[in-house]
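Below is one structure, written out as structure tokens, with a few remarks after it.
The values are calculated or read from the model by the stated rules, or taken from the named source; none is laboratory data. Predicted model, so just to flag it, every value in this text is computed and none were measured. A quick note on method: Cβ atoms are made from the backbone with ideal geometry, for glycine too, and the neighbour counts reach across all protein chains shown.
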């Protein structure tokens, strides 16, 4: 049988206990006196045994206690050593502190019953009050250490549980912080894309046209549109950067765009898309005077804005139609259609981030989103690109877009 390697503190306890016991034995200091039935040298047997068992107090606490109990029962028949009793008390303490949970529950009860039984037994045998001292010593070397070990173990387990809860709380807080940062970055990316992409797309298209066409009037018109969009885009960028840099809260945030600005949005798209042969129509069938939650208004506006930007970048010449319907108590429905196909002439590159941003906005509001080519209406193009979003409107819930 291979014994586990003892802890260095256990080795120290065993060595100090053995040396102390040998010192007291050599000086003739005993607990039971010279009238013990066994000779003095037998005192060393339980002393050496329990000293060796101290090496197993952490690694094999139950075995050490059971074997130590057999050894300490021999001590009353020898002149005795106080060190033997003290080390046995330490074995009882360690068996509760380092043993299994079942042992930690049973050992204090068992030692308590043994203490009571020993006290009653010696009182019945000796019929003298001095027998109470035997019961007291039994309790001091068994029940007392076992109870102390149970108290210390309970405190350690409570401290470990509190530490684990604190670590879990810190982990959850870190996860919440990371999710909040990711959500804020996604929101900033959507806002930045929606605010600036429209202007940059118009600049890209008109600058390409100005470089490819050798016509002074066309070039001047393109440069005018470029300047207007660059100035507006720069203003939007400066406003966003100012909001990000300011952390004092003193700056009044700019009002979020709403569906009331659709007319101006479509008019701007009409200016930017005129050179590409695009015409724009807005049909607003919302209930008059109805007010929608701010997140729904913002999401609807951004979806129309991004759809118009994509139409200017990719649509063939033809009609771009914006339809908005619904109102309070129902759902806001936004539909934007444009001719589908590859048109000749300059086109701005696309990355697909706009479609992702629109889909994310709709998902945050528990709505539905579709963006795909479909069959065109009768008398129109064979195929159109249709963006359709349905944004629920509820009175008791206003999720953030």
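Assorted remarks:
Here's the yes/no breakdown for (1) surrounded by fewer than 13 Cβ atoms within 10 Å (Cβ to Cβ); (2) part of a helix (DSSP H, G or I); (3) in contact (Cβ under 8 Å) with a residue 40 or more places away in the chain; (4) outside the structural domain of residue 93 (by TED's automatic domain parsing):
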{"position": "2", "(1), (2), (3), (4)": "yes, no, no, yes"}
{"position": "12", "(1), (2), (3), (4)": "yes, yes, no, no"}
{"position": "25", "(1), (2), (3), (4)": "no, yes, yes, no"}
{"position": "28", "(1), (2), (3), (4)": "yes, no, no, no"}
{"position": "36", "(1), (2), (3), (4)": "no, no, yes, no"}
{"position": "52", "(1), (2), (3), (4)": "no, yes, no, no"}
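- Leading residue by the ranking (modelled with the highest pLDDT) among those in the stretch 66-81 that are in contact with a helix residue (DSSP H, G or I) (Cβ under 7 Å, 6 or more places away or on another chain), in a helix (DSSP H, G or I) and under 18 Å from residue 133 (Cα atoms): 72
- Qualifying residue in the stretch 266-277 (condition: closer than 20 Å to residue 204 by Cβ, at pLDDT 85 or above and surrounded by fewer than 16 Cβ atoms within 10 Å (Cβ to Cβ)): no
- Residue 256 crowded, with 17+ Cβ neighbours inside 10 Å, out of contact with any strand residue (DSSP E or B) (no Cβ under 6 Å at 6 or more places or on another chain) and modelled with pLDDT under 75: no
- Candidate set from the stretch 114-128 (those that are out of contact with any helix residue (DSSP H, G or I) (no Cβ under 7 Å at 6 or more places or on another chain) and farther than 11 Å from residue 138 by Cα); member that is modelled with the lowest pLDDT: 126
- Exclusive hit being over 15 Å from residue 266 (Cα atoms) and touching a helix residue (DSSP H, G or I) at 6+ places or on another chain (Cβ under 6 Å), set 297, 316: 297
- The residue of the stretch 187-238 that is modelled with the highest pLDDT, among those that are outside any helix (DSSP H, G or I) and surrounded by fewer than 15 Cβ atoms within 10 Å (Cβ to Cβ), is 215.
- Qualifying residue in the stretch 104-114 (condition: assigned by TED's automatic domain parsing to the domain that holds residue 83, surrounded by 15 or more Cβ atoms within 10 Å (Cβ to Cβ) and not in a helix (DSSP H, G or I)): no
Conditions tested, residue by residue: (1) surrounded by fewer than 16 Cβ atoms within 10 Å (Cβ to Cβ); (2) closer than 30 Å to residue 56 by Cβ; (3) in contact with a strand residue (DSSP E or B) (Cβ under 7 Å, 6 or more places away or on another chain).
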{"residue": "90", "(1), (2), (3)": "no, yes, no"}
{"residue": "96", "(1), (2), (3)": "no, yes, no"}
{"residue": "122", "(1), (2), (3)": "no, no, no"}
{"residue": "133", "(1), (2), (3)": "yes, no, no"}
{"residue": "155", "(1), (2), (3)": "yes, yes, no"}
{"residue": "160", "(1), (2), (3)": "yes, yes, no"}
{"residue": "178", "(1), (2), (3)": "yes, no, no"}
{"residue": "184", "(1), (2), (3)": "yes, no, no"}
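- Residue in the stretch 63-76 that is closer than 21 Å to residue 152 by Cα and in contact (Cβ under 8 Å) with a residue 24 or more places away in the chain present: yes
- Hits in the stretch 69-78 (condition: over 22 Å from residue 106 (Cβ atoms) and either touching a strand residue (DSSP E or B) at 6+ places or on another chain (Cβ under 7 Å) or surrounded by fewer than 23 Cβ atoms within 10 Å (Cβ to Cβ) (or both)): 74, 76, 77
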